[in-house]
């Protein structure tokens with residue numbers, strides 16, 4: 001097993017998947033700051049649903065979603081993490097491609113909202129649930145399989161029960177903040193030990 005230099009210009013030739021995952025976990029603190037930031041955006045969307053309108057909540061999630069990555073990078077720096085994986089880490093491309101896939105899925109969720117506004121947040125739960133499933137490979141952490149499944153199941157339950165848009169937004173917030181807190185706690189414990 002090779003050790004990854006934290007300011008490397010390139011990944012060693014003998015890199016294993018476990019090494020690449022370890023680099024991603026270290027750089028991004030197991031993904032916890034991104035999850036917590038996302039959960040905050042979902043909460044803001046829920047508040048927008050109640051205080052303004054479900055249509056404005058859709059835009060709150062879209063606009064807030066564009067700020068998740070930069071805000072998470074700031075949090076990572078505050079936690080003393082590099083907020084960047086080693087250059088040449090092949091899992092960096094996986095992270096990028098899952099972001100592209102998510103962005104390409106947004107018009108589908110928006111289109112669903114044109115049919116029924118209360119279906120937007122369940123649709124988005126499916127979209128982000130699918131993305132988090134890939135994080136099991138990205139970080140080498142099985143918790144992301146459970147996380148993605150819970151988001152998708154919540155999306156199904158909310159959509160099939162005709163839940164309000166606010167209920168969908170707050171469900172997404174609760175799930176993300178809950179899993180984000182768990183991942184943060186485990187990341188902090190593993191960095192101590």
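Output the residues belonging to region 89-120 that are more than 29 Å from residue 55 (Cα to Cα) and surrounded by fewer than 16 Cβ atoms within 10 Å (Cβ to Cβ).
Within region 89-120, 90, 93 qualify.
The rows are residues; the columns are (1) in contact with a helix residue (DSSP H, G or I) (Cβ under 8 Å, 6 or more places away or on another chain); (2) surrounded by fewer than 19 Cβ atoms within 10 Å (Cβ to Cβ); (3) free of Cβ contacts under 8 Å to residues at least 40 places away in the same chain; (4) part of a loop (DSSP other than H, G, I, E, B).
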position	(1), (2), (3), (4)
36	yes, no, no, no
40	yes, yes, no, no
45	yes, no, no, no
56	yes, yes, yes, no
60	yes, no, yes, no
64	yes, no, yes, no
67	yes, yes, yes, no
75	yes, yes, no, no
87	no, yes, no, yes
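In a helix (DSSP H, G or I), within 13 Å of the chain's Cα centre (by Cα) and surrounded by fewer than 22 Cβ atoms within 10 Å (Cβ to Cβ), is that true of residue 174? It is false that residue 174 is in a helix (DSSP H, G or I), within 13 Å of the chain's Cα centre (by Cα) and surrounded by fewer than 22 Cβ atoms within 10 Å (Cβ to Cβ). In the set (1) under 30 Å from residue 22 (Cβ atoms); (2) in contact (Cβ under 8 Å) with a residue 60 or more places away in the chain; (3) touching a helix residue (DSSP H, G or I) at 6+ places or on another chain (Cβ under 9 Å), the condition left unmet by residue 118 is number (1).
For residue 102, the test of being in a helix (DSSP H, G or I), closer than 30 Å to residue 164 by Cα and modelled with pLDDT under 95 is passed. Is there a residue in region 162-169 that is touching a residue at least 12 places away in the same chain (Cβ under 8 Å) and closer than 26 Å to residue 80 by Cβ? No, region 162-169 contains no residue that is touching a residue at least 12 places away in the same chain (Cβ under 8 Å) and closer than 26 Å to residue 80 by Cβ.
Could you check how many residues of region 89-99 are in a helix (DSSP H, G or I), touching a helix residue (DSSP H, G or I) at 6+ places or on another chain (Cβ under 9 Å) and over 16 Å from residue 35 (Cα atoms)? I'd like the intermediate steps shown before the answer.
Let us first name the residues in region 89-99 that are in a helix (DSSP H, G or I), namely 91-99.
Cutting the leftovers down to touching a helix residue (DSSP H, G or I) at 6+ places or on another chain (Cβ under 9 Å) gives us 91-92, 94-95, 97-99.
Restricting the remaining residues to those that are over 16 Å from residue 35 (Cα atoms) gives 91-92, 94, 97.
Counting residues in region 89-99 that are in a helix (DSSP H, G or I), touching a helix residue (DSSP H, G or I) at 6+ places or on another chain (Cβ under 9 Å) and over 16 Å from residue 35 (Cα atoms) gives 4.
Against the definition (buried (at least 19 other Cβ atoms within 10 Å of the Cβ) and under 19 Å from residue 68 (Cβ atoms)), how does residue 168 come out, yes or no? Spelling it out, residue 168 is indeed buried (at least 19 other Cβ atoms within 10 Å of the Cβ) and under 19 Å from residue 68 (Cβ atoms).
The values are calculated or read from the model by the stated rules, or taken from the named source; none is laboratory data. On a predicted model such as this, the values are computed, not experimentally measured, just so you know. Note: ideal-geometry Cβ built from the backbone for every residue, glycine included; neighbour counts use all protein chains shown.
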